[in-house]
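Novice: My questions will all concern the structure given below.
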Amino acid sequence: MDDWKLDQTFASGSGEVRWSAFGEGAPLVLLHGTPFSSYVWRRVGRALASAGHRVHVWDMPGYGASEKASGQDVSLAAQGRIFAELLEHWGLDDPLVVAHDFGGAVALRAHLLHGARYRALAVVDPVALAPWGSPFFRLVAANAAVFEQLPPALHRALVREYVTSASGPGLHPATLDALVEPWLGESGQAAFYRQIAQADQRFTDEIQGRYGEIGIPVLVCWGTDDAWIPVAKAHELAAAIPGARLRLIEGAGHLVQEDAPAELTAALLGFLGEVGRS
């Protein structure tokens, strides 16, 4: 299993956040989605650092190595505020930002609602446009208290099947284990259903009508075989953001970082290089 450690902490209003930074150069921040963690960025993040970036990664409260607690606010509203606070804590006032899935909504909310400034933004299969949430996701959200009571073995099987479906070609067994592990055990199982129960579409509805206000360079990346959010949303989002570039990655599912890390890295470096020359 890849050795991925977040060795720093930040005390947020929703619990302790674990984070790390590596590399030297232009500051760049990576945001993960749900039900994932910064672990999904390990290969792409290291490649970006090797290409001349100071890469910041973090696990959102309720995810990965960060704090998980009963009654915790892990909603998109909370995560957007926390991300803006983290940027201030890091002293980053104009970083490059790359955000996947739920992290896309977090980055967009921080920018549009909390005044977070970015040099440029790349979103990868983001949660950004209504409607979103698979039938499974909506079922769990409506019955989170029931699912929390599943026997551990059944819960583990459910999470493994759900995470597996995010990949087009399939995940390496060690990768799948690493992605599932934070959601196991008493606190992990409760946290898994907590984050789904709080994933309310109203938090993207609040900003969807403002995408036309975005005035920074934006890249929209999308896996053509995304089974969670259809690729049609890629075209819709790119059309809603002035001047946005669109890059489709053939054969990749929702977890583009795992399915096509080299292709995604190349797309990001090409975009970031263009931004640097502008």
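Here, each number is a calculation from the coordinates, and none is a lab measurement. Just so we're clear, the structure is a prediction, and the values are computed from it rather than from any experiment. All Cβ positions, glycine included, derive from the backbone under ideal geometry; neighbour counts span all protein chains shown.
Novice: Note down the magnitude of the dipole of segment 1-106 about its Cα centre, charges +1 on Lys and Arg C-beta and -1 on Asp and Glu C-beta and zero elsewhere, to the nearest 20 debye.
Specialist: Details: 8 positive and 13 negative charges, 57 e Å.
Computed charge dipole of segment 1-106: roughly 280 debye.
Novice: Report the charge-dipole magnitude of the chain in Debye, nearest 20, computed about the Cα centre from +1 at each Lys and Arg Cβ and -1 at each Asp and Glu Cβ.
Specialist: On the way: 21 positive and 31 negative charges, 63 e Å.
Once rounded to the nearest 20, the dipole reads 300 debye.
Novice: Can you tell which of ILE241, HIS254, HIS172 lies farthest toward the positive end of the dipole of the chain, using +1 and -1 charges on the Cβ of basic and acidic side chains (Lys, Arg; Asp, Glu)?
Specialist: Sorting the options by dipole projection puts first ILE241.
Novice: Shifting gears a bit: Viscosity 1.002 mPa s, temperature 20 °C: what is the translational diffusion coefficient of the chain from Stokes-Einstein with a Kirkwood Rh over Cα pairs, rounded to a whole number of µm²/s?
Specialist: Rounded, D is 116 µm²/s.
Novice: Further, regarding this structure: Taking all pairs of distinct Cα atoms, average 1/r, flip it, and tell me the Kirkwood hydrodynamic radius of segment 74-156 in Å to one decimal place.
Specialist: Numbers: mean 1/r = 0.0689 Å⁻¹.
Every distinct Cα pair counted, the radius reaches 14.5 Å.
Novice: More than 13 angstrom separation, counting every C-alpha pair in segment 136-196; what % is that?
Specialist: Details: 1109 of 1830 pairs.
Result for the distance tail: 61 percent.
Novice: Separate question: Over segment 76-192, what is the mean sequence separation of C-alpha contacts under 8 Å (at least six apart), divided by residue count, expressed as relative contact order in percent? If you can, show how the numbers build up before the last one.
Specialist: Details: 104 pairs, mean separation 22.6, N = 117.
19 percent.
Novice: How many times 2.2 N^0.38 Å is the alpha carbon radius of gyration of segment 45-197?
Specialist: Working: Rg = 16.5 Å, N = 153, 2.2 N^0.38 = 14.9 Å.
Scaled against compact globular proteins, the figure is 1.11.
Novice: If I take all pairs of Cα atoms in segment 1-77, what percentage of them are more than 19 Å from each other?
Specialist: Working: 1015 of 2926 pairs.
Distances greater than 19 Å cover 35 percent of the Cα pairs.
Novice: Here is a further query. What 222 nm value per residue comes from the helices of the chain, counting each DSSP H run with n ≥ 4 as -39,500 (n - 2.57) and dividing by all residues, nearest 500 deg cm²/dmol?
Specialist: On the way: 12 runs with 119 residues, N = 278.
After summing the helix terms and dividing by the residues of the chain, the value is -12500 deg cm²/dmol.
Novice: Among GLY23, LEU154, ALA141, whose Cα projects farthest towards the positive end of the dipole of the chain, with charges put on the beta-carbon of Lys, Arg (+1) and Asp, Glu (-1)?
Specialist: Sorting the options by dipole projection puts first GLY23.
Novice: Also, I was wondering about something else. Tally the DSSP beta bridges in the chain and give the antiparallel ones as a percent, rounded to 5.
Specialist: Values: 10 of 33 bridges.
Approximately 30 percent, going by the DSSP bridge assignments.
Novice: May I pose another question? With a cut-off of at most 14 other beta carbons within 10 Å, and DSSP calling the residue loop, which GluC sites (Glu not before Pro) in segment 2-77 qualify? Please list them. Don't skip to the end; give the middle numbers.
Specialist: Details: sites: GLU16, GLU24, GLU67; in loops: GLU24, GLU67.
When the GluC sites (Glu not before Pro) of segment 2-77 are filtered for loop state and at most 14 Cβ neighbours within 10 Å, GLU24 remain.
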